[in-house]
1. Could you look through the stretch 44-70, keep only residues that are under 22 Å from the mean Cα position of the chain (by Cα) and aliphatic (A, V, I, L, M), and pick out the one that is nearest to residue 123 (Cα to Cα)?
2. Only one of these is of a type in the set (A, V, I, L, M), more than 17 Å from the chain's Cα centre (by Cα), under 18 Å from residue 288 (Cβ atoms) and in the same structural domain as residue 293 (by TED's automatic domain parsing): 192, 258. Name it.
3. Taking the stretch 24-48 on its own, how many of its residues are aliphatic (A, V, I, L, M), free of Cβ contacts under 8 Å to residues at least 60 places away in the same chain and not in a helix (DSSP H, G or I)?
4. Take the residues in the stretch 242-293 that are in a strand (DSSP E or B) and aliphatic (A, V, I, L, M); name whichever of them is nearest to residue 326 (Cα to Cα).
5. Do you know which residues across the stretch 228-257 are surrounded by 14 or more Cβ atoms within 10 Å (Cβ to Cβ) and of a type in the set (A, V, I, L, M, F, W, C)?
6. So if I check each of 307, 269, 248, which one is in the same structural domain as residue 175 (by TED's automatic domain parsing), out of contact with any strand residue (DSSP E or B) (no Cβ under 8 Å at 6 or more places or on another chain) and closer than 17 Å to residue 165 by Cβ?
7. For residue 313, which of the numbered conditions (1) surrounded by fewer than 19 Cβ atoms within 10 Å (Cβ to Cβ); (2) within 27 Å of residue 188 (Cβ to Cβ) fails to hold?
8. Could you please find all residues in the stretch 272-300 being under 18 Å from residue 165 (Cα atoms) and either of a type in the set (A, V, I, L, M) or surrounded by 24 or more Cβ atoms within 10 Å (Cβ to Cβ) (or both)?
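The values are calculated or read from the model by the stated rules, or taken from the named source; none is laboratory data. Just so it is clear, the structure is predicted and the values come from calculations on it, not from any experiment. As a convention, Cβ positions derive from the backbone with ideal geometry for all residues, glycine included, and neighbour counts pool all protein chains shown.
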Amino acid sequence: MIKTLLVDDSPIAITILKRMLAKSPEIQVTGTAANGSEALSLIPRIKPDVICTDLHMPVMDGLEFTKEVMARHPLPILLVSVSAYKDSLNAFKVMEAGAIDVFIKPRASFELDYERLAPELIRKIKILSGVHVFSRHRSTPTPEVGISDIRDLKSLIRLPKSKVSIIVIGASTGGPQALYIILAKLPSDFPLPIVCIQHISEGFLQGLVTWLSSQCMMKVEIAKAGAIPQPGIIYFPQEDTHLKIDNTGRFVLSTEPLFGGHRPSVTITMRAAAEYYGTEVLGVLLTGMGNDGAAGLQAVQNAGGITIAQDEASSIVFGMPKAAIELGAAGYIVSLHEIGPLILNLVVRLLERKG
């Protein structure tokens, strides 16, 4: 049984969540609390495997509660929040504090809404129950540097025969935190476009983009149809849309069917990038459940591009990178904290060769 603690000041929300979770015989709600302070006192007694918490609560809200849990009792936390823009942004502040994933709160007046969302909630809790969480310590912000200022980086990667023109990164569970660790280290004058495909619950994309914009030195945008990827910009696909690249190098937004259960799909974007850019793609596959992106990384490799997979030790969920590794599609398998320096090392050496 997966022991679950529900934290929400709304009795109606607690009742709805219980009803949704009752559909799974593998999940047991072993405790409920009306605020973070009450929940903290319950944790040592009920020893939950997963915590589901609301954001706005009296006494102690979801953000402070998450910080306290990560400091005292590191456990997998699923934030259950409404998808309004303000909460969407705040949701990622909670994830920055240690929560692993986010789930849209069902509307109390719409029974069909929580009937539809129950399978996703159950799936997320099952995934989180297998995650090992460590205490969270806030790191010191990295000062901005320019490409010309980067020196003495450890040589982690072989210099490719051709240039690199675009980077494509795919992620799922644990991805927002992983993207933050990689992207926040890149300078504002980074000379390549970066396309990120992140599986995220409906309604939270704009919050993710806004949060990363506040943390990154590069610009972060939602891709527009017909635009050509520009250096120094991080792009995300529009919500519920595949992001492709046509034969002129322009973004195409596609509503074609889900691929492997996802839209956007990492594999679809990586394949499109490999088809247009050929050897000039750098593909990165990060933490996540399932195998989306494995075939895409293989397409990048087959085209002669560079492929990187996050290693097991640093992955929240090792499913996606593991699938790529098993296909033989990962040219490099490195820890999350090495991926940013590895990318910078590559770019600096390419610039030095060009110069």
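1. Within the stretch 44-70, the first condition is being under 22 Å from the mean Cα position of the chain (by Cα), and the residues that meet it are 49-55, 62-67, 69-70.
Checking which are aliphatic (A, V, I, L, M) leaves us with 50-51, 55, 63, 69-70.
Details: 50: 12, 51: 14, 55: 21, 63: 23, 69: 22, 70: 23 Å.
Within the stretch 44-70, the match that is nearest to residue 123 (Cα to Cα) is 50.
2. When all the criteria are applied, what remains is 258.
3. Count: 3.
4. Residues of the stretch 242-293 in a strand (DSSP E or B): 242-245, 251-254, 259, 262, 281-285.
Next cut, aliphatic (A, V, I, L, M) only: 243, 245, 252-253, 281-282, 284-285.
On the way: 243: 26, 245: 27, 252: 30, 253: 30, 281: 21, 282: 19, 284: 15, 285: 13 Å.
This residue is 285.
5. Answer for the stretch 228-257, where residues must be surrounded by 14 or more Cβ atoms within 10 Å (Cβ to Cβ) and of a type in the set (A, V, I, L, M, F, W, C): 233, 234, 236, 243, 245, 251, 252, 253.
6. 248
7. Of everything listed in (1) surrounded by fewer than 19 Cβ atoms within 10 Å (Cβ to Cβ); (2) within 27 Å of residue 188 (Cβ to Cβ), residue 313 misses just condition (2).
8. Matches in the stretch 272-300: 272, 273, 274, 281, 282, 283, 284, 285, 296, 297, 299, 300.
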